[in-house]
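Q: Below is the structure I would like to discuss, written out as structure tokens.
Each value in this text was obtained by applying a stated rule to the coordinates, not by laboratory testing. All values reported here derive from a predicted model rather than from experimental measurement. For neighbour counting, all protein chains shown are included, and Cβ atoms are generated from backbone atoms with ideal geometry for every residue, glycine included.
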Amino acid sequence: MKALLIRELVVPGLLSFAVALGTASVLAQGSGAGTPNPLDDTLAPDPTLSPAEVIRIQLEALRHNDEQDRGIEVAFRFASPANRANTGPLARFIPMIKQGPYALMLEFRDAIYGPVETVADRARQRVTLTGTRETMTYWFYLSRQSEPPYVDCWMTDSVIIEPSPGQVV
């Protein structure tokens, strides 16, 4: 499983993310690859992060969620102010992630990231997650923020579940 984590984290752009924020760390298995700690308390929206990096940060944080729900808190940190207004506060967001169709984000074993589609200050990416019993596809919708304190930061506006044929969501 560690090899999967390394493969998913050491990708073009994400390594530059780790360097840009100065949060590079080494996996305990001694791989020597610099990878960010997905539960790092300093992970926060930053104008240098691309939409793809924001999505990967959120998903890796969720997958490594701990008993204090720090992974969910990191994901919530990257939710846009408009998204937070609809899904927050954090105490409301936590059960939304833990129950129902978003719970797979806490335990997926594999992720397939589609291309990021960007038009002006909007972006979206299709991500298919596979767990031990199910596979689900999500569309992440992001926007570049224009208001302080997040000026020029990409943040997630919504995550929509793509229904499977015959599935009602």
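Q: Which order do the peptides 110-118, 137-145 take when ranked by the mean count of other beta-carbon atoms within 10 Å per residue, highest first? Before the final figure, lay out the partial values.
A: Numbers: 110-118: 14.0, 137-145: 19.6.
The densest-packed peptide leads the list: 137-145, 110-118.
Q: Diagonalise the Cα gyration tensor of segment 38-162 and give the resulting equivalent ellipsoid semi-axes, square root of 5 times each eigenvalue, largest first, whole Å.
A: One finds semi-axes of 21, 17, 13 Å for segment 38-162.
Q: Please tell me the relative contact order of segment 47-169 in percent, rounded to the nearest whole number, where contacts are Cα pairs under 8 Å and at least six residues apart.
A: Across segment 47-169, relative contact order equals 24 percent.
Q: Per-residue counts of other Cβ atoms within 10 Å, averaged by peptide: what ranking do you get for 71-79, 88-96, highest first?
A: Ranked from most to least packed, the peptides come out as 71-79, 88-96.
Q: Looking at segment 74-115, what % of the alpha carbon pairs are farther apart than 16 Å? It would help to have the intermediate numbers written out before the result.
A: Values: 397 of 861 pairs.
The answer is 46 percent, as a whole percent.
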